[in-house]
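The values are calculated or read from the model by the stated rules, or taken from the named source; none is laboratory data. None of these values were measured; they are calculated from a predicted model. No Cβ is skipped: glycine too gets one built from the backbone with ideal geometry, and neighbour counts run over all protein chains shown.
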Amino acid sequence: MARGTFTGGIHPYEGKELSKDKPIKSVLPKGDLVYPISQHIGAPAKPIVAVGDHVLTGQKIAEAGGFVSAPIYATVSGTVKAIEPRRLATGAMCDSIIVENDGKYDEVEFKPLKPYEEMTAEDKIAAVREAGVVGMGGAGFPTAVKFSPKEPDKIDYVIANCSECEPYLTSDYRRMIEEPELLLEGLKIAVSIFPNARGILAIEDNKPDAIAKFKELTKDEEKISVKPVKTKYPEGAERMLIYAVTGREINSSMLPADAGCIVDNVDTLCAVCRAVKEGRPLMERIVTITGDAVTDPRNYKVRIGTNYKELLEDAGGFKTEPAKIISGGPMMGFAIFDLDIPTTKTASALTCLTKDEVAEFEPSACINCARCVEACPERLIPKNLADAVEHGDEKAFLDMYGMECCECGCCSYICPARRQLTQLIKGMRKIQLGKRKK
C-alpha cells in the first residue's frame, strides 16, 4: 500500500529559498561549446563531424553508439574546432567535440511530426531516440530504452518525478511553475506509449503551489493524477519514489519496469514533449546556480555544452570566496576544482558553498548509535558495511547486501562520529561493479 513516503531518510537544510522564487533566465553561450560523447549510460556516441566542419544549431554531430546510447546535437552554429579529451565534472577525461561559436545561432529546420495521438508507440519511441533524450535527473539512462520494456502492456504507472529532494536545487520546481503544460503534455505522451498505464505526478509536499497548479490542470484527466509525497531526502531516488507512490519494491538487480513502473524527471518529460510534438532534439536544460557564495543565485535555461564559468559570470560571480564548489547538489554532487567544465545533459546545478555552509571535521571512532541504520532508505547497516570495506572483507560486504546501497549519503550526513561511510561503501561498490564487467 502506498504511504507517500519510505523507511529511513533525513531532513537536511534545504537551501532552496536562495533561488526558488526567481524566474528562469534564458542565456545564450558566448564561448566555445564542449560536447562530451559520454553524457549518458551506455555506449559513447560516435562523432560524425570532422575538424573544420561548419555546423548549425540542431545538427546531429554524434550518432548513438549502440542500442543503449544517445546521439548528440550542436546547440550553436559554428565550426568544429577540435575533437579531443576534456574533463567532466566527475574528474574523468572524455573525448569531446569542441565547436567554436560563431554567435549567429543559425538553426536547421525542425519539422513537426504528426499529432502524437495519431502516432504508434514505436513512432513516439523512435522520435525520442532520434532526439537524444536521456534521463536528466540522474545518470542519463537513454529514455527510448526506458520506454522499450519487454512487456509494455505490464506497465501500470508512468511516474513524473517532481520531488526534487536534493538540497539547494530548484530547477524542476521553477519549470513546474513556469511551464506546467509542457511537463503535463510530456507525461501524457509517455503514458500513451503503454496501453494500460496511468500517469502520476509525484510532488513533495513542500511545493503546495505546484501541487495546486497540477491538480487544477489534471482535474478532467482520466489517466493522470497528482500524488503529494512527504518532504524527505532521498524521496526522489527511483526506488524510494516507486515505493512511496505505489507501495511496490525493487532491488538493485531490477528495473522499475519489473515493478510495472516507468519513472522520468521533469526536464526529461519536457524534452520528450519537444521531441515528439516538434521534432526538436535535446539541446537545452534548466541548471540551478546557487549557494551563499553566489551573488545572484537563480535558474538558467542553458544550451548543453555551455561552460559553467559563463553561467557563474551571469549570476554575478562570487560575492564571497567559496569553500567548496559542487557540480550538482551537496548530497550527491561532485566537488570540482575547475570551472572550465561544460554543462551536459545530466548537469543539474552548480552549488557554491561558503565556509559557513561547509562542515569541517575529523572522523572519529564509531559510537554504535545506529543513527546510520535508522537513516538508510535501503534498510542496510552502513556501519557494518564500512567496517567490512576497511578490513578488505569483500565477502562480508556482499553478504550484507552492500550492492543495494544507492549512495544517497544519508549515513555520512547523520553520523555523529563523522565517519565517511558513503565514500567507503561507494568505493567498494565501484570495485565490485568493475569486476562484473570483466
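Here are the numbers:
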| read-out | value |
| --- | --- |
| Which numbered condition A386 misses (of (1) buried (at least 21 other Cβ atoms within 10 Å of the Cβ); (2) modelled with pLDDT under 95; (3) not acidic (D, E)) | (2) |
| One residue from A139, A160 being among the small types (G, A, S), surrounded by fewer than 24 Cβ atoms within 10 Å (Cβ to Cβ) and in contact (Cβ under 8 Å) with a residue 40 or more places away in the chain | A139 |
| Candidates L56, L113 - the one that is touching a helix residue (DSSP H, G or I) at 6+ places or on another chain (Cβ under 9 Å) and over 24 Å from G328 (Cβ atoms) | L113 |
| L380 vs. criteria at pLDDT 95 or above and surrounded by fewer than 22 Cβ atoms within 10 Å (Cβ to Cβ) | yes |
| Region 43-65: number of residues that are in a loop (DSSP other than H, G, I, E, B) and either in the same structural domain as A271 (by TED's automatic domain parsing) or aliphatic (A, V, I, L, M) (or both) | 8 |
| Residue check for T354: hydroxyl-bearing (S, T, Y), surrounded by 15 or more Cβ atoms within 10 Å (Cβ to Cβ) and in contact (Cβ under 8 Å) with a residue 60 or more places away in the chain | yes |
| Test: residue in region 247-260 that is under 18 Å from E164 (Cα atoms) and either crowded, with 16+ Cβ neighbours inside 10 Å or hydroxyl-bearing (S, T, Y) (or both) | no |
| Candidate set from region 264-288 (those that are in a strand (DSSP E or B) and in contact with an Asp or Glu (Cβ under 8 Å, 6 or more places away or on another chain)); member that is nearest to A131 (Cα to Cα) | R285 |
| Enumeration of residues in region 75-96 that are under 14 Å from G305 (Cβ atoms), of a type in the set (G, A, S) and touching a residue at least 60 places away in the same chain (Cβ under 8 Å) | A89, S96 |
| Near pairs, Cβ below 8 angstrom, 6+ apart or cross-chain, from region 29-53 (free of Cβ contacts under 8 Å to residues at least 24 places away in the same chain) to any residue that is of a type in the set (K, R) | I48/K60 |
| Subset of region 300-321 [assigned to a loop (DSSP other than H, G, I, E, B) and more than 14 Å from P36 (Cα to Cα)] | A315, G316, G317, K319, T320, E321 |
| V191 being surrounded by fewer than 23 Cβ atoms within 10 Å (Cβ to Cβ), β-branched (V, I, T) and modelled with pLDDT of 95 or more | yes |
| Subset of region 219-234 that is part of a strand (DSSP E or B) and of a type outside the set (S, T, Y) - its residue that is surrounded by the most Cβ atoms within 10 Å (Cβ to Cβ) | V229 |
| Residue in region 315-332 that is surrounded by the fewest Cβ atoms within 10 Å (Cβ to Cβ), counting only those that are closer than 17 Å to G91 by Cβ and without any contact (Cβ under 8 Å) to a residue 60 or more places away in the chain | K324 |
| Only one of A127, A89 that is surrounded by 16 or more Cβ atoms within 10 Å (Cβ to Cβ), hydrophobic (A, V, I, L, M, F, W, C) and either in a loop (DSSP other than H, G, I, E, B) or at pLDDT below 95 (or both) | A89 |
| Any hit, region 391-407, residues being more than 16 Å from Q432 (Cβ to Cβ) and either touching a residue at least 60 places away in the same chain (Cβ under 8 Å) or not assigned by TED's automatic domain parsing to the domain that holds Y233 (or both) | no |
| Any pair with Cβ under 6 angstrom, 6 or more apart, that starts in region 1-27 at a residue that is at pLDDT below 95 and surrounded by fewer than 16 Cβ atoms within 10 Å (Cβ to Cβ) and ends at one that is of a type in the set (S, T, Y) and not in a loop (DSSP other than H, G, I, E, B) | A2/T246 |
| Some residue of region 106-118 being crowded, with 22+ Cβ neighbours inside 10 Å and either out of contact with any strand residue (DSSP E or B) (no Cβ under 6 Å at 6 or more places or on another chain) or closer than 26 Å to S171 by Cβ (or both) | no |
| From the options V99, V68, V76, residue that is out of contact with any Leu (no Cβ under 6 Å at 6 or more places or on another chain) and either of a type outside the set (G, A, S) or assigned to a loop (DSSP other than H, G, I, E, B) (or both) | V68 |
| Selection within region 289-299 - charged (D, E, K, R), more than 22 Å from the chain's Cα centre (by Cα) and either more than 27 Å from C408 (Cα to Cα) or not in a loop (DSSP other than H, G, I, E, B) (or both) | D296 |
